[in-house]
Amino acid sequence: MNIRGCNLILSLVAVLCLSTCSDQEQAAERPNIIVFLVDDMGWQDTSVPFWNKRTPFNDLYQTPNMERLAAGGMKFTQAYATAVCSPTRVSLMTGMNAAHHRVTNWTLRKDKQPVADDDLLAQPAWNVNGMSPVAGIASTIHATPLPQLLHDAGYFTIHSGKAHLGAIGTPAADPLNLGFDINIAGHAAGAPGSYYGTEAFGNNDPNRSTWAVPGLEKYHGQEIYLSEAVTLEAVDAMQKAVDQNQPFFLYMAHYAVHTPIQGDDRFVQKYINQGMLPVEAKYASMVEGMDKSLGDIMTYLEKKEIDDNTIILFMSDNGGLSAVARGGEKHTHNKPLSSGKGSAHEGGIREPMIVKWPGKVKPNSTTDDYLIIEDFFPSILEMASIKDYQTVQPVDGKSFVPVLTNESRTPYQERPLFWHYPNRWGPKGPGIGSTSTVRQGDWKLIYYHADRSFELFNLTEDIGETKNQANDQPDTLKELASVLTDHLKKVDAQMPTDKATGKLVEYPDEVLE
Ligand code: CA
């Protein structure tokens, strides 16, 4: 080989090294991403006001670390999830709208509906087994999970807390099958047997074995609350990633503040002293225990000096549980919103959401742009600079990164958002039932499958959904019914069957013809 040839090879080696080195640098600069998902937390269950004014509830609940997060990030006043657990979680993990992925109700037992049909409607053959990372599992949506894409791109992926993504005995019951490197306490069930370490988180009660929290054996018998245990373990897992010099994705999905309403002894007494009913005080203490977890994680990031390179997204998976009285009294309310968990009204679907992204998102800012839970999927991948990814599922969500960086408002003000719940939840209340729903601009239309009736609300003027304008605004009714029908047809949404006629319930625009 002549000298020129040698030089050429040396140049090639140099180019190769440069490209490798820059890839490594890029990997090192990738932000850590934390999704901090609370279970069943209502829009008002916090000292951070998410409305345009404070309410008495903002003075009742104490969430100093949510205040700390909001001071460093952007608050969303109109962030939506679905009305119950599993549909929200599957949308987050797949980027699909619930009408599309067909996990429209909560999941638990393989091939079984959690709630039987009522007298009027037969529920469709929805995906009762949840999502699946592999093909060929009956009654599941086969999808490429978000953590798998992050893992494949070099992220250390941590699941801590409640999973509730697949039925017992299916692959998605174990987060390790979804691309998580570590699973702390997650399985098929959507509630803990107990929040108390002294009760082994439900593992001591043979009658509650389905709900017994897996793992965490080292805390059994100890005076420790579940929210604290999953946080300590999550911090240990983040430290592993830091030690390996790997960016991490932490899905900190708290079991709190779902039932059973069990007081967090660290905080409960002061709420009792304030004169709250025992069940309200217990609930408020669970909220504050969750908030302490957020604070502990933020303090850990600061101590390790990685807070400037870590994005935190705070969200709840559905509205506060207001329809069911526990201990004889309601433990939460959601007012000024109407109704709560399980409802198509705002109390069931509007969530407290905050995003902190140092250097990108203006601290202490607020946006009224609306978004929905499936938008998290493409947003998180964009935050991680993961492009050109392949998924087996079509992704419905739209990235909200332009809202965070203040580049664009338009797509979020005018595009329609959709909900589809052709199921039975159980408890009664406003907006609760088998429904299809669309939000576009100021307006929201709810179509009730049982009697083919409509509710039309102007949310900007009437946040409490007190005035049904379906009869007063026929043009808006017709337009939104058409937008909703187009979506249901496009994603081949499943309608329930009218038991009286044996026929599928009509699409909303067919009722108006
Ligand atoms: Ca929930």
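The values are calculated or read from the model by the stated rules, or taken from the named source; none is laboratory data. On a predicted model such as this, the values are computed, not experimentally measured, just so you know. Cβ sites come from the backbone with ideal geometry, for glycine too, and all protein chains shown count toward neighbours. Areas reflect the complete protein model, heavy atoms only, side chains present, ligands, DNA and RNA absent. Shrake-Rupley method; radii C 1.70, N 1.55, O 1.52, S 1.80 Å.
Note down all Cβ pairs under 6 Å where the first residue falls in the range 244-258 and is in the same structural domain as GLY154 (by TED's automatic domain parsing) and away from the ligand (no atom under 16 Å from the Cβ), the second is open to solvent by less than 10 Å² (accessible area, probe 1.4 Å) and of a type in the set (Ser, Thr, Tyr), and they're at least six residues apart or on different chains.
Every condition considered, the pairs that remain are PRO247/TYR155; PHE249/TYR155; PHE249/THR157.
Of the residues that make up the range 320-332, is at least one in contact with a helix residue (DSSP H, G or I) (Cβ under 9 Å, 6 or more places away or on another chain) and not in a loop (DSSP other than H, G, I, E, B)?
Yes, the conditions are met somewhere in the range 320-332.
Could you tell me whether ALA70 is among the aliphatic types (A, V, I, L, M), away from the ligand (no atom under 16 Å from the Cβ), closer than 30 Å to MET276 by Cα and not assigned by TED's automatic domain parsing to the domain that holds THR460? Break it down stepwise before answering.
Details: among the aliphatic types (A, V, I, L, M): yes; away from the ligand (no atom under 16 Å from the Cβ): yes; closer than 30 Å to MET276 by Cα: yes; not assigned by TED's automatic domain parsing to the domain that holds THR460: yes.
Spelling it out, ALA70 is indeed among the aliphatic types (A, V, I, L, M), away from the ligand (no atom under 16 Å from the Cβ), closer than 30 Å to MET276 by Cα and not assigned by TED's automatic domain parsing to the domain that holds THR460.
Taking into account only those residues within the range 389-438 that are open to solvent by less than 60 Å² (accessible area, probe 1.4 Å), in a loop (DSSP other than H, G, I, E, B) and among the β-branched types (Val, Ile, Thr), which is farthest from ALA99 (Cα to Cα)?
THR405
Restricting the search to the range 335-351, which residues are hydrophobic (A, V, I, L, M, F, W, C) and more than 13 Å from the ligand (Cβ to nearest atom)?
Scanning the range 335-351 gives LEU337, ALA344.
Just the residues that are modelled with pLDDT of 95 or more and at positive phi, please, taken from the range 425-440.
Matches in the range 425-440: GLY431, GLY433.
Hey, among GLY263, GLY320, which residue is within 15 Å of the ligand (Cβ to nearest atom), surrounded by 17 or more Cβ atoms within 10 Å (Cβ to Cβ) and not hydrophobic (A, V, I, L, M, F, W, C)?
The unique qualifying residue is GLY320.
GLU199: surrounded by fewer than 22 Cβ atoms within 10 Å (Cβ to Cβ), assigned by TED's automatic domain parsing to the domain that holds VAL38 and in a helix (DSSP H, G or I), yes or no?
For GLU199, the condition - surrounded by fewer than 22 Cβ atoms within 10 Å (Cβ to Cβ), assigned by TED's automatic domain parsing to the domain that holds VAL38 and in a helix (DSSP H, G or I) - is met.
So how many residues does the range 202-231 have that are open to solvent by 10 Å² or more (accessible area, probe 1.4 Å) and either in contact with a Leu (Cβ under 6 Å, 6 or more places away or on another chain) or under 17 Å from MET286 (Cα atoms) (or both)?
Result for the range 202-231: 4.
Collect the residues in the range 93-108 that are away from the ligand (no atom under 16 Å from the Cβ), in contact with a Leu (Cβ under 8 Å, 6 or more places away or on another chain) and either in a helix (DSSP H, G or I) or open to solvent by 10 Å² or more (accessible area, probe 1.4 Å) (or both), keeping them in residue-number order.
Of all residues in the range 93-108, those away from the ligand (no atom under 16 Å from the Cβ) come to 94-97, 99-102.
Still in the running and in contact with a Leu (Cβ under 8 Å, 6 or more places away or on another chain): 94-95, 99.
Within the range 93-108, THR94, ALA99 qualify.
Select from the range 304-315 the residues that are part of a strand (DSSP E or B) and either more than 16 Å from the ligand (Cβ to nearest atom) or out of contact with any Phe, Trp or Tyr (no Cβ under 8 Å at 6 or more places or on another chain) (or both) and list them in ascending order.
THR310, ILE311, ILE312, LEU313
Assuming MET495 fulfils every condition listed in (1) surrounded by fewer than 17 Cβ atoms within 10 Å (Cβ to Cβ); (2) assigned to a loop (DSSP other than H, G, I, E, B); (3) not small (Gly, Ala, Ser) apart from one, which condition is it?
(1)
Is it the case, given these coordinates, that ASP40 is open to solvent by 30 Å² or more (accessible area, probe 1.4 Å) and either within 16 Å of the ligand (Cβ to nearest atom) or at pLDDT below 95 (or both)?
No; evaluated as a whole, the condition is false for this residue.
Given LEU150, LEU121, which one is more than 16 Å from the ligand (Cβ to nearest atom) and in contact with a Pro (Cβ under 6 Å, 6 or more places away or on another chain)?
Unique residue meeting the criteria: LEU121.
Among the candidates LYS240, LYS282, single out the residue that is surrounded by fewer than 19 Cβ atoms within 10 Å (Cβ to Cβ) and at negative phi.
LYS240
Could you list, in sequence order, all residues of the range 371-388 that are of a type in the set (Ser, Thr, Tyr) and either in contact with a Lys or Arg (Cβ under 7 Å, 6 or more places away or on another chain) or assigned to a loop (DSSP other than H, G, I, E, B) (or both)? Step through it out loud before you land on a result.
First, pick out the residues of the range 371-388 that are of a type in the set (Ser, Thr, Tyr): 379, 385.
Passing the criteria: only SER385.
Quick check on GLY289: is it more than 16 Å from the ligand (Cβ to nearest atom) and either among the aliphatic types (A, V, I, L, M) or crowded, with 17+ Cβ neighbours inside 10 Å (or both)?
Considered against the rule, which asks whether it is more than 16 Å from the ligand (Cβ to nearest atom) and either among the aliphatic types (A, V, I, L, M) or crowded, with 17+ Cβ neighbours inside 10 Å (or both), GLY289 comes out as yes.
Do we have any residue at all in the range 278-286 that's more than 16 Å from the ligand (Cβ to nearest atom), in a loop (DSSP other than H, G, I, E, B) and more than 19 Å from the chain's Cα centre (by Cα)? Write out each step before concluding.
Here is the first cut: in the range 278-286, the residues more than 16 Å from the ligand (Cβ to nearest atom) are 278-282, 284-285.
Narrowing further to those that are in a loop (DSSP other than H, G, I, E, B): none.
Among the residues of the range 278-286, not one is more than 16 Å from the ligand (Cβ to nearest atom), in a loop (DSSP other than H, G, I, E, B) and more than 19 Å from the chain's Cα centre (by Cα), which makes the answer no.
Out of the range 171-193, which residues are out of contact with any Pro (no Cβ under 7 Å at 6 or more places or on another chain), more than 16 Å from the ligand (Cβ to nearest atom) and either outside the structural domain of THR94 (by TED's automatic domain parsing) or open to solvent by less than 10 Å² (accessible area, probe 1.4 Å) (or both)?
PRO175
With (1) hydrophobic (A, V, I, L, M, F, W, C); (2) surrounded by fewer than 23 Cβ atoms within 10 Å (Cβ to Cβ); (3) within 30 Å of LEU294 (Cα to Cα) as the list, and ILE372 as the residue in question, which single condition is left unmet?
It fails just one condition, (2).
Any idea how many residues of the range 51-72 are touching a residue at least 24 places away in the same chain (Cβ under 8 Å), assigned to a loop (DSSP other than H, G, I, E, B) and surrounded by fewer than 24 Cβ atoms within 10 Å (Cβ to Cβ)?
Summing the residues that are touching a residue at least 24 places away in the same chain (Cβ under 8 Å), assigned to a loop (DSSP other than H, G, I, E, B) and surrounded by fewer than 24 Cβ atoms within 10 Å (Cβ to Cβ) in the range 51-72 gives 6.
Listed here are the residues, each with its yes/no results for (1) among the small types (Gly, Ala, Ser); (2) within 21 Å of the chain's Cα centre (by Cα).
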residue: ILE306; (1), (2): no, no
residue: ASP317; (1), (2): no, yes
residue: GLY320; (1), (2): yes, yes
residue: GLY342; (1), (2): yes, yes
residue: ASP368; (1), (2): no, yes
